[in-house]
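Okay, so here's the structure we're looking at.
The values are calculated or read from the model by the stated rules, or taken from the named source; none is laboratory data. This is a predicted model, so every value here is computed, not measured. Note that each Cβ is placed from the backbone with ideal geometry, even for glycine, and that neighbours are counted across all protein chains shown. The protein model used for the area step is the full one, side chains on, heavy atoms only, and it has no ligands, DNA or RNA in it. Shrake-Rupley method; radii C 1.70, N 1.55, O 1.52, S 1.80 Å.
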Amino acid sequence: MSNISAILEQSSFSQSDLEQLLKCDGDEKRLLFKKSGEVKDLFVGNKVYFRGLIEFSNVCEKDCYYCGIRNSNHAVRRYNLTDSEILDAARFADDNRFGSVVLQSGENSSPAFADRITSLVSQIKQLSNGKLGITLSVGEQSESVYRRWFEAGAHRYLLRIETSNQSLYHKIHPDDQHHDFNRRLECLQALKATGYQTGTGVIIGLPFQTISDLAHDLLFFQESGIDMVGMGPYIGHSDTPLYAFRDELLPIQERFDLSLKMIAVLRIMMNDINIAAATALQAIDPLGREKGIKVGANIIMPNITPGLYRNDYSLYENKPCIDEEPAQCKGCLDARIALADGEIGYGEWGDSKHFLKKK
Ligand code: SAH
Ligand code: SF4
């Protein structure tokens, strides 16, 4: 028996087991993917749930070194959807039985922004008769703001830790109080304490990142008892500081492959959480998200931002589907999920089984 198949028999993995799993290739990699597919079938089934993604504004106060819409990038045309454009997108999701929407944007800590999100959440609940689940992904906020949004009806929140290695975190962010690793951790705690289904994640294949960092990320997810994970490959953007290190990166195909292995290993470790197949997978491989589903992911976030603005929410280059309208997107996804042997959970929230069990 190979070392990998022996590790896959274990009921828990050490840091060194995880590093070996993340390095495996060829037949061993096929073994890993076979196992993660089986674990997925057994614990979460073959249903894939949609979260209609509304990227409602690319205005951001922060300056993450990897991100194309960082505040200091003056080449970006900034936009902010109107409330009625956002509500129309939510109505589209409801009419097409998407089950849930995600409101995502750059970070904004103003009281006016907090008020606006509260009102949007209530209005989305109202227009869908409470049917649409709402996930927020709008960065670090105070505990009281998180609570207000939760009380208005948002029930999931995504806040990626980006990397669980504090010193790497500080290499990929400016060294100031607005980009503080511990504050990000505190926000994750606050989200959990408020009652959200809490999601986090990392970027895979960042400059300076090692396999050992990624193994540590997996242990971090497990130790923090998170309900959902969204993680995907790092993709460079020429208007960002990290672009200077583009020659030191893993080749893009390896970053993609590593992302699939991260999903597969995480599915085995945390068998009943929700795992999203990140859109960044598709920026590398046209069938990237489907491959993510096959090896363990069960969530897809179809972009339902009005087509006019999609080009400007350029976190990274080569972002897929930026020239499509939401309706085209849906037909395309039906076919894609079938290809990955999945079935779409239309009209269902598809909450994290891990979260429901805790309750
Ligand atoms: N502003 C919010 C949400 C929008 S950014 C926040 O930062 O939490 C959403 C995610 O995009 C980030 O968490 C980051 O992980 C990802 N992202 C940004 N730039 C990226 C890049 N160049 N490659 C891959 N993912 C990136
Ligand atoms: Fe802003 Fe999020 Fe991009 Fe950081 S990752 S610059 S917080 S949009």
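Farther than 22 Å from residue 308 by Cα and either open to solvent by 60 Å² or more (accessible area, probe 1.4 Å) or away from ligand 1 (no atom under 16 Å from the Cβ) (or both): which single residue out of 62, 40 fits that description? Explain how you work it out, then say what you get.
On the way: 62 fails: either open to solvent by 60 Å² or more (accessible area, probe 1.4 Å) or away from ligand 1 (no atom under 16 Å from the Cβ) (or both).
The conditions single out 40.
Quick grid of which residues meet (1) farther than 18 Å from residue 199 by Cβ; (2) within 15 Å of ligand 1 (Cβ to nearest atom):
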site	(1), (2)
105	no, yes
111	yes, no
120	yes, no
124	yes, no
127	yes, no
133	no, no
138	no, yes
141	no, yes
145	no, yes
- [ ] Please indicate, with yes or no, whether at least one residue in the range 235-242 is within 19 Å of residue 165 (Cα to Cα), out of contact with any His (no Cβ under 6 Å at 6 or more places or on another chain) and of a type outside the set (S, T, N, Q).
- [x] yes
Task: All positions within the range 303-319 that are without any contact (Cβ under 8 Å) to a residue 24 or more places away in the chain and either open to solvent by 50 Å² or more (accessible area, probe 1.4 Å) or farther than 19 Å from residue 88 by Cα (or both) - done: 308, 311
TODO: Answer yes or no as to whether residue 13 is assigned to a loop (DSSP other than H, G, I, E, B), more than 29 Å from residue 178 (Cβ to Cβ) and either touching a Ser or Thr at 6+ places or on another chain (Cβ under 6 Å) or open to solvent by less than 10 Å² (accessible area, probe 1.4 Å) (or both).
DONE: no
Task: Subset of the range 131-144 that is within 22 Å of the chain's Cα centre (by Cα) and assigned to a loop (DSSP other than H, G, I, E, B) - its residue that is surrounded by the fewest Cβ atoms within 10 Å (Cβ to Cβ) - done: 142
Task: Top-ranked residue in the range 195-231 [being open to solvent by 10 Å² or more (accessible area, probe 1.4 Å) and touching an Asp or Glu at 6+ places or on another chain (Cβ under 7 Å); ranked as farthest from ligand 1 (Cβ to nearest atom)] - done: 212
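May I ask you to say which residue of 160, 77, 156 is closer than 24 Å to residue 326 by Cα and open to solvent by 20 Å² or more (accessible area, probe 1.4 Å)?
None of the others qualify; the one that does is 77.
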Open item on the list: What are the pairs with Cβ atoms under 6 angstrom where one residue, in the range 49-67, is touching a residue at least 40 places away in the same chain (Cβ under 8 Å) and more than 9 Å from ligand 2 (Cβ to nearest atom) and the other, located anywhere, is open to solvent by less than 20 Å² (accessible area, probe 1.4 Å) and of a type in the set (Phe, Trp, Tyr)? Sequence gap at least six, or different chains.
Closed with: 50/98; 52/98; 55/313
Task: the range 97-130, residues that are open to solvent by 40 Å² or more (accessible area, probe 1.4 Å) and at pLDDT below 95 - done: 97
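Would you point out the residue of the range 232-261, among those that are of a type in the set (Val, Ile, Thr) and under 13 Å from residue 318 (Cβ atoms), that is least open to solvent (accessible area, probe 1.4 Å)? Lay out the reasoning, then the answer.
First pass over the range 232-261, keeping only residues of a type in the set (Val, Ile, Thr): 235, 240, 252.
Adding the requirement that they be under 13 Å from residue 318 (Cβ atoms) leaves 235, 252.
On the way: 235: 17, 252: 77 Å².
If we take residues in the range 232-261 being of a type in the set (Val, Ile, Thr) and under 13 Å from residue 318 (Cβ atoms), then 235 is least open to solvent (accessible area, probe 1.4 Å).
May I ask you to verify whether residue 255 is basic (Lys, Arg) and more than 26 Å from residue 63 (Cβ to Cβ)? Give the steps one after another, and end with the answer.
Working: basic (Lys, Arg): yes; more than 26 Å from residue 63 (Cβ to Cβ): no.
In short, no.
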